[in-house]
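The structure appears right after this line, and notes come after that.
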Amino acid sequence: MTATLSVRNLRVEIPTRHGVLTAIDDLSFDIAPGEVLGVVGESGAGKSITGSAIIGLLDPPGRIAGGEILLGGERIDNLPPPAMRRVRGKRIGMIFQDPLTSLNPLYRIGDQLTQTILTHEKMTARAALDKAERLLVEVGIPAAGARLSSYPHQFSGGMRQRVVIALALAADPELVVADEPTTALDVSVQAQVISLLKRLCKDRGASVMLITHDMGVIAETADRVCVLYAGRLAEIGKVRDVVKHPQHPYTHGLMTAIPSLKGDPDARLEQIPGSMPRLGAIPEGCAFNPRCGFRLERCRAERPAAYPTSRSEASCFLLDAAGRAPPPETATAARAAGIEVRAGAPTGADA
Amino acid sequence: MLAFAIRRLIQAVGVMLVVALISFLLFRFVGDPVNQLVGVDTTPEQRAQLRQDLGLNDPVYVQFGRFVGKAARFDFGISYQIKRPVADLIASRLPATLELSLVSAVFALLVGLPMGVYTGLYPQTLLSRLFLALSLTGISLPTFLIGILLIFIFSVNLGWLPSFGRGDVVTIGGFWTTGLLTRSGLSSLILPAITLGLFQMTLIMRLVRGEMLEVLRTDYIKFARARGLSSRAINFGHALKNTLVPVITITGLQIGSIIAFSIITETVFQWPGMGLLFLQAVQNVDIPIMAAYLLLIAFLFTVINFIVDLLYVAVDPRIRIGGAGA
Ligand SMILES: Nc1ncnc2c1ncn2[C@@H]1O[C@H](COP(=O)(O)OP(=O)(O)OP(=O)(O)O)[C@@H](O)[C@H]1O
Ligand code: SF4
Ligand SMILES: [Mg+2]
């Protein structure tokens, strides 16, 4: 089956006065039809930029400098602007972080909805208004018919994010990119909004790319998760696998830092030393190498590809079956951390 | 909305009272009104009698009350110099000034707004840079210099347009004189209107440009793009509407300044408006005219302010409807 979204070797560059920054470097992942892919990573890892690149709205001067983005098997990263405009909203819906600022304050909710519907579908204004009302009912706005003529400021934050979801889903897109859709919301409504989003996408068979900081949200909502580090893929796989059996040293560090998820209250909180590098200062070789406890010799010079393991895929030389064997103590430590060390084991049978 | 209007109205009355006080103090204490009215050969007795007749011996607050009462009925006394009722003098000059000011404001808006939108949407193009460079000149050159330059080019050198006066005017309704209905009236209006409106035009252009750049960066514009709305709907609907709130405010308030600043333009072009009248009054220390002019300008400012406030509310639902519900 064709993936709904397929990102192939994506490279995003931002030319600045101090040289060209590479914000996304050789990133590949797929989202299957109906699948929810969580995207996590520290602030600045490139999550939002990936989302913007997919929908073709990178803030200038940022640009796609390499790779391909395919939607339903067709390339969309090189579409001319008018064609790309028809993809936006119609085939890819986007939800941004802050519902308070996502809605135009001077337009009624109903007008914003019907305008979006009429942009993508041929129908009468009356029919569009009916559809707008149905959408508001679907996202759980009470007295939807009457609320069509309300302005954004007359809604609470949670209600506004529901309106935003209605707008993103107005033309029944096959993919929804949600960039931290609940971060700005009250904790009490976050879960409701996420489950609403998931339910509506499931009903429509839409795939979701869910960008978030919150591993808890990922664990509950996503089918697979993609971990980004400094604009590169660290690890991608089923949520259960990545959470319980992380294969990349960085993911491992992340997961140990969330004891509740391991279900073991005695788990030692293992902080990863240092911090993620800025874009201009990404080290040679593996971007994680200065912070990595398992660093090998080649890590400082070569860039790891994404290697498959029995569960997830991760960009780490420990998993490179063709690589030289690591020093025994490193291998032992890595195995103790649950990493399927394959380097130096020609059969890869030690999994 | 009604409560808002009433609140604003009360504020406006307060402002007018303060201006009336200033204008009264000017009237009462700058020079002696009696001295201005009588000749050198008047006896002290006659002076005292006149002082009594004019009510200048009453307590100051009684005099102020009388001043306000008269002003409210547009009675500003008699001009010292011209010996005619100030109200009549002003009424005969008002149409010229208002017509010039309004035409200038319309010119400033009709040219400044599109230029602002264009430079905001396409900040990098050559034309945008040209507009910006021009606007810088417009802001930095003093009005009288622009007026003289225009006269030099279009009247003296090219001989296309008249350099002074209002041309032929037509009287409408018995009191309003207009130059908009005759050829010579219209051609006389062009240079002064451009001179007076140029500064406001560049101001509006820069304001619209700044607002446009700002609004185009907002989340709701990004979200509108992400929904696939057309560039036209985004730029001229969502973005422009949001820039209009401050633009309306500033443009409205600028109309007041245009009227006030018309003094300079009227002088350069010998335009028979209130500004010219006021300037002559200043030269002759004709206090009643000065006081009346001050009050009138303040009144126009207040009225414009009030209308701008109402428009502002009409455009922005956050003020109109208020309060988060749901
Ligand atoms: N115009 C720009 N110029 C320079 N650097 C930029 C620009 N835009 C983004 N970046 C950088 O690109 C990197 C990725 O940004 P992005 O917004 O995708 O991060 P993110 O993972 O979404 O982070 P967050 O969790 O904070 O939203 C950051 O390091 C950011 O500083
Ligand atoms: S490639 Fe090397 S430095 Fe990078 S995570 Fe793996 S072991 Fe650590
Ligand atoms: Mg982000």
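Taking only the range A:83-98 into account, find how many residues are under 16 Å from A:LEU210 (Cβ atoms) and more than 7 Å from chain B (Cβ to nearest Cβ).
The number of residues fulfilling the criteria is 4.
Does A:ALA65 qualify as being of a type outside the set (D, E, K, R) and within 16 Å of ligand 1 (Cβ to nearest atom)?
Details: of a type outside the set (D, E, K, R): yes; within 16 Å of ligand 1 (Cβ to nearest atom): yes.
Judged against the criteria, A:ALA65 is a match.
What's the number of the only condition in (1) of a type in the set (A, V, I, L, M, F, W, C); (2) within 15 Å of ligand 1 (Cβ to nearest atom); (3) buried (at least 23 other Cβ atoms within 10 Å of the Cβ); (4) assigned to a helix (DSSP H, G or I) that A:ALA234 fails to meet?
(4)
State all residues of the range A:18-55 that are of a type outside the set (A, V, I, L, M, F, W, C) and more than 13 Å from ligand 3 (Cβ to nearest atom); if no residue qualifies, say none.
From the range A:18-55, those of a type outside the set (A, V, I, L, M, F, W, C) are A:18-19, A:22, A:25-26, A:28, A:30, A:33-35, A:38, A:41-44, A:46-48, A:50-52; that's our starting set.
Of everything in the range A:18-55, those that are of a type outside the set (A, V, I, L, M, F, W, C) and more than 13 Å from ligand 3 (Cβ to nearest atom) turn out to be A:HIS18, A:GLY19, A:THR22, A:ASP25, A:ASP26, A:SER28, A:ASP30, A:PRO33, A:GLY34, A:GLU35, A:GLY38.
Could you give every pair whose Cβ atoms fall below 6 Å, whose first residue belongs to the range A:175-195 and is within 14 Å of chain B (Cβ to nearest Cβ) and assigned to a loop (DSSP other than H, G, I, E, B), and whose second residue is within 16 Å of ligand 1 (Cβ to nearest atom) and modelled with pLDDT of 90 or more, counting only separations of at least 6 or pairs across chains?
Going by the 6 Å Cβ cut-off, the qualifying pairs are A:GLU180/A:ILE211; A:GLU180/A:THR212; A:PRO181/A:ILE95.
If you check every pair at least six apart or on different chains, which have Cβ atoms under 8 Å apart with a residue in the range B:73-100 that is within 18 Å of B:VAL285 (Cβ to Cβ) first and a residue that is surrounded by 15 or more Cβ atoms within 10 Å (Cβ to Cβ) and among the charged types (D, E, K, R) second?
If the second residue must be surrounded by 15 or more Cβ atoms within 10 Å (Cβ to Cβ) and among the charged types (D, E, K, R), the pairs left are B:SER79/B:ASP286; B:TYR80/B:ASP286; B:GLN81/B:ASP286; B:ILE82/B:ASP286.
Please find, within the range B:48-72, the residue that is farthest from B:LEU300 (Cα to Cα) out of those that are free of Cβ contacts under 8 Å to residues at least 12 places away in the same chain and charged (D, E, K, R). Outline the logic, then answer.
Residues of the range B:48-72 free of Cβ contacts under 8 Å to residues at least 12 places away in the same chain: B:48-49, B:52-53, B:55, B:57-59, B:61-62, B:65-66, B:69-70, B:72.
Subsequent filtering for residues that are charged (D, E, K, R) retains B:53, B:58, B:66, B:70.
On the way: B:ASP53: 32, B:ASP58: 31, B:ARG66: 22, B:LYS70: 18 Å.
It comes out as B:ASP53.
Show me the helices (runs of 4 or more DSSP H) found entirely inside the range B:1-71 where at least 2 residues are among the aliphatic types (A, V, I, L, M) and surrounded by 14 or more Cβ atoms within 10 Å (Cβ to Cβ).
Details: elements: B:2-29, B:33-37, B:44-53.
In the range B:1-71, B:2-29, B:33-37 are the helices (runs of 4 or more DSSP H) which contain 2 or more residues that are among the aliphatic types (A, V, I, L, M) and surrounded by 14 or more Cβ atoms within 10 Å (Cβ to Cβ).
Given the residues A:GLU35, A:GLU42, A:GLU68, A:GLU74, which is the only one that is within 16 Å of ligand 2 (Cβ to nearest atom) and more than 14 Å from chain B (Cβ to nearest Cβ)?
On the way: A:GLU35 fails: within 16 Å of ligand 2 (Cβ to nearest atom); A:GLU68 fails: within 16 Å of ligand 2 (Cβ to nearest atom); A:GLU74 fails: within 16 Å of ligand 2 (Cβ to nearest atom).
Result: A:GLU42 is the single residue among A:GLU35, A:GLU42, A:GLU68, A:GLU74 that is within 16 Å of ligand 2 (Cβ to nearest atom) and more than 14 Å from chain B (Cβ to nearest Cβ).
Here are the criteria: (1) at the interface with another protein chain (Cβ under 8 Å from one of its Cβ atoms); (2) crowded, with 19+ Cβ neighbours inside 10 Å; (3) in contact (Cβ under 8 Å) with a residue 40 or more places away in the chain; (4) not basic (Lys, Arg). Tell me which single one A:VAL139 does not satisfy.
(1)
List every residue pair whose Cβ atoms lie under 8 Å apart, where the two residues are 6 or more positions apart in sequence or sit on different chains, the first residue falls within the range A:283-299 and is closer than 17 Å to A:ASP25 by Cα, and the second residue, located anywhere, is within 16 Å of ligand 1 (Cβ to nearest atom) and among the aromatic types (Phe, Trp, Tyr).
Hits for this filter: A:ALA287/A:TYR229; A:PHE288/A:TYR229; A:PHE288/A:TYR250.
Which one of A:LEU233, A:LEU228 is under 30 Å from A:PRO308 (Cβ atoms), modelled with pLDDT of 95 or more and out of contact with any helix residue (DSSP H, G or I) (no Cβ under 9 Å at 6 or more places or on another chain)?
On the way: A:LEU228 fails: out of contact with any helix residue (DSSP H, G or I) (no Cβ under 9 Å at 6 or more places or on another chain).
Result: A:LEU233 is the single residue among A:LEU233, A:LEU228 that is under 30 Å from A:PRO308 (Cβ atoms), modelled with pLDDT of 95 or more and out of contact with any helix residue (DSSP H, G or I) (no Cβ under 9 Å at 6 or more places or on another chain).
The values are calculated or read from the model by the stated rules, or taken from the named source; none is laboratory data. Bear in mind that the values here come from a model prediction, so they are computed numbers and not experimental data. Ideal geometry is used to build each Cβ from the backbone, glycine not excepted, and the neighbour counts take in all protein chains shown.
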